[in-house]
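Accompanying notes for the structure given below.
The values are calculated or read from the model by the stated rules, or taken from the named source; none is laboratory data. Please read these numbers as outputs of a predicted model, since none were measured by experiment. Glycine gets a Cβ as well: all are built from the backbone with ideal geometry, and neighbour counts include every protein chain shown. Protein only, heavy atoms only, side chains kept; ligands, DNA and RNA dropped before computing areas. Shrake-Rupley method; radii C 1.70, N 1.55, O 1.52, S 1.80 Å.
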Amino acid sequence: MSTNTSLKCKFEVFRSTVNNQFYFRLRAENSEPIFSSEGYIRKSDCLSGVTSVRKHATQEQYYNRLGQAANLYFTLEASNGEPLGRSEMYTTLAAREIGIASVKANAPLAPIVDLTVVNA
């Protein structure tokens, strides 16, 4: 796992201080989150979620385009139909498509930055 925070597009794994669950998010080159997971009780399951996103991200059939008007978003599903996560909200169809294109292009090789590891 990478701990280099100077990389452009990356997955971040973190633990919520509210519910103590593990989450991941994919950050774009501009550091904005473009895709986020649901909560996982175990960190290993969260990391498996990242692996599944990497596997399915390039395949169009796993994307669902949802929302309406200025509340547009997308989800990504695994081949078994389980949700892997959802995007941020977009105000235009074009912006949502750019978000999907970014996940397709970047998720397969984006490094993981583990924010749960405390460096001494």
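Any chance segment 65-76 includes a residue that's over 17 Å from Asp114 (Cβ atoms), in contact with a Leu (Cβ under 6 Å, 6 or more places away or on another chain) and either loosely packed, with under 14 Cβ neighbours inside 10 Å or of a type outside the set (Gly, Ala, Ser) (or both)?
Taking segment 65-76 and keeping what is over 17 Å from Asp114 (Cβ atoms), we get 65-76.
Remaining after also requiring in contact with a Leu (Cβ under 6 Å, 6 or more places away or on another chain): 73, 76.
Then keep just the ones that are either loosely packed, with under 14 Cβ neighbours inside 10 Å or of a type outside the set (Gly, Ala, Ser) (or both); that gives 73, 76.
Looking for residues that are over 17 Å from Asp114 (Cβ atoms), in contact with a Leu (Cβ under 6 Å, 6 or more places away or on another chain) and either loosely packed, with under 14 Cβ neighbours inside 10 Å or of a type outside the set (Gly, Ala, Ser) (or both), one finds at least one in segment 65-76, hence yes.
Which one of Glu29, Glu38, Glu82, Glu60 is more than 13 Å from the chain's Cα centre (by Cα), farther than 26 Å from Ala94 by Cβ and either open to solvent by 20 Å² or more (accessible area, probe 1.4 Å) or among the aromatic types (Phe, Trp, Tyr) (or both)? First the steps, then the outcome.
Numbers: Glu29 fails: farther than 26 Å from Ala94 by Cβ; Glu38 fails: more than 13 Å from the chain's Cα centre (by Cα); Glu60 fails: farther than 26 Å from Ala94 by Cβ.
Residue meeting the stated conditions: Glu82.
Take segment 5-24 and flag every residue that is within 13 Å of Ala110 (Cα to Cα) and touching a residue at least 40 places away in the same chain (Cβ under 8 Å). It would help to see each step written out before you state the result.
In the first step, residues of segment 5-24 are kept if they are within 13 Å of Ala110 (Cα to Cα); the result is 5-13, 24.
Residues satisfying the conditions are Thr5, Leu7, Cys9, Lys10, Phe11, Glu12, Val13, Phe24.
Restricting to segment 101-120, name every residue that is assigned to a loop (DSSP other than H, G, I, E, B) and polar (S, T, N, Q).
Pass one, segment 101-120, residues assigned to a loop (DSSP other than H, G, I, E, B): 107-111, 115-120.
Across segment 101-120, the qualifying residues are Thr116, Asn119.
Just checking, does segment 66-75 include any residue being free of Cβ contacts under 8 Å to residues at least 24 places away in the same chain and within 16 Å of Phe24 (Cα to Cα)?
yes
I want to confirm something. Restricting to segment 85-100 and keeping residues that are open to solvent by less than 70 Å² (accessible area, probe 1.4 Å) and of a type outside the set (A, V, I, L, M), which single residue is farthest from the chain's Cα centre (by Cα)? So that I can check it myself, show each step before the final result.
Initially, segment 85-100 is screened for residues open to solvent by less than 70 Å² (accessible area, probe 1.4 Å), giving 85, 87-88, 90, 92, 94-96, 99-100.
Retained after the next criterion (residues that are of a type outside the set (A, V, I, L, M)): 85, 87-88, 90, 92, 96, 99.
Working: Gly85: 6, Ser87: 7, Glu88: 10, Tyr90: 15, Thr92: 20, Arg96: 14, Gly99: 11 Å.
My answer is Thr92.
Select from segment 41-57 the residues that are closer than 18 Å to Arg15 by Cα and of a type in the set (A, V, I, L, M) and write down the one among them that is most open to solvent (accessible area, probe 1.4 Å).
The qualifying residue most open to solvent (accessible area, probe 1.4 Å) is Ile41.
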